[in-house]
Amino acid sequence: MYRKNHKRNISRLGGLAIVGSFTVCILLFSAIINFKEANFLIASCIILAALGLKDDVYGTNTSTKFILQIVVAFILVFFGAFRLTSLYGVLGIADMAPLWGSLFSIALIIFLNNAFNLIDGIDGLAGGIGILTSLVFGILFSSMGQVPYAFIAFALAGAIAGFLKYNWFPAKIFMGDTGALIIGLISAALAIKFIELNKFTGASKPAFYSAPAIAVAILIVPVFDSLRVFTIRILKGRSPFKGDRNHIHHRLEQLGLKSNWIVISTAGFNLATIAATIILQHLGNFVLIMLIIGLCIMFNTLLTLSLLKKKGR
């Protein structure tokens, strides 16, 4: 409630529509092509949706949320095979042992779950970025000939699109934790599969080079915003999980931008970062990730200077 600025009561159960339509599409598709990995994704979605629904209606303590998110990530990693085996030299890490790769994948899934939840602070932002993320993954998987994962991505985009019509400024309904957690979960699963399917092997070359950097570019809005606010809260001696109005969308709002223009400008920055990373994919992960970080720092610096200039008037 602290981060929201709506004066009237609005339902926070829109995430149920996203989960319901996505689940039906995936169940039908997996039955047709016998795609067993989808069963574990759906099971994870149902558990996480139940957690989000309880949190939206009654509230849930942090420890319960964290434990159930670990369970969901465990199912995806160990049963659904949504697990990273290499980081291509990012952070100095190449191939990872199964245990470390599994633990890192679990941590990544939990982080992205909450990252999408954190950007759900203004009308249409989490939904708009969720559609962009899933559409880009869908197009990339389609170009690779990976139809099952392309279908998952497009199914998510379609599910969010139906909801976004009613969540666009001024919102008539919110997705709540139910929707935001599911978008984060599926985005994490797609990112992991995209990186793994573009892994270098002796038999063939990947469809996309620097896959980890491309995945970071696709998810840069929730990733950068979450890392930024967590860092600031820790440096100020506060809990990184205690909400505030210091997110990038709140800062853009302080400049006078309306919610719809905040979504458009944020999505535009996201899309430009993705395009630049794909075009420059042969530069390698380290160089590209440094460039992405540089772009984020420049964007944040310009935003800070604009806010200081506005306050100094």
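General remarks:
- Residue count for the range 139-155 under the criterion of being under 21 Å from Ser21 (Cβ atoms) and surrounded by 24 or more Cβ atoms within 10 Å (Cβ to Cβ): the result is 2.
- All helices (runs of 4 or more DSSP H) inside the range 120-229 with 2 or more residues being farther than 30 Å from Gly89 by Cβ: 125-144, 147-167, 176-197
- The one condition from (1) closer than 18 Å to Leu156 by Cβ; (2) touching a helix residue (DSSP H, G or I) at 6+ places or on another chain (Cβ under 8 Å); (3) surrounded by fewer than 18 Cβ atoms within 10 Å (Cβ to Cβ); (4) of a type in the set (A, V, I, L, M) that Leu28 does not meet is (2).
- Selection within the range 82-102 - of a type in the set (D, E, K, R) and surrounded by fewer than 18 Cβ atoms within 10 Å (Cβ to Cβ): Asp95
Table: residues versus (1) open to solvent by less than 20 Å² (accessible area, probe 1.4 Å); (2) closer than 16 Å to Ile109 by Cβ; (3) of a type in the set (D, E, K, R); (4) free of Cβ contacts under 8 Å to residues at least 60 places away in the same chain.
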site: Ile129; (1), (2), (3), (4): yes, no, no, no
site: Leu132; (1), (2), (3), (4): no, no, no, no
site: Phe137; (1), (2), (3), (4): yes, yes, no, no
site: Ala157; (1), (2), (3), (4): yes, no, no, yes
site: Lys165; (1), (2), (3), (4): no, no, yes, yes
site: Lys172; (1), (2), (3), (4): no, no, yes, no
site: Ile183; (1), (2), (3), (4): yes, yes, no, no
site: Ser187; (1), (2), (3), (4): yes, yes, no, no
site: Lys193; (1), (2), (3), (4): no, yes, yes, no
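- Within the range 39-86, the set of residues being in a loop (DSSP other than H, G, I, E, B) and among the aromatic types (Phe, Trp, Tyr) comprises Tyr58, Phe82.
The values are calculated or read from the model by the stated rules, or taken from the named source; none is laboratory data. Computed from a predicted structure; not experimentally measured. Note that each Cβ is placed from the backbone with ideal geometry, even for glycine, and that neighbours are counted across all protein chains shown. When the accessible area is computed, the model is the full protein with side chains, heavy atoms only, and any ligands, DNA or RNA have been set aside. Shrake-Rupley method; radii C 1.70, N 1.55, O 1.52, S 1.80 Å.
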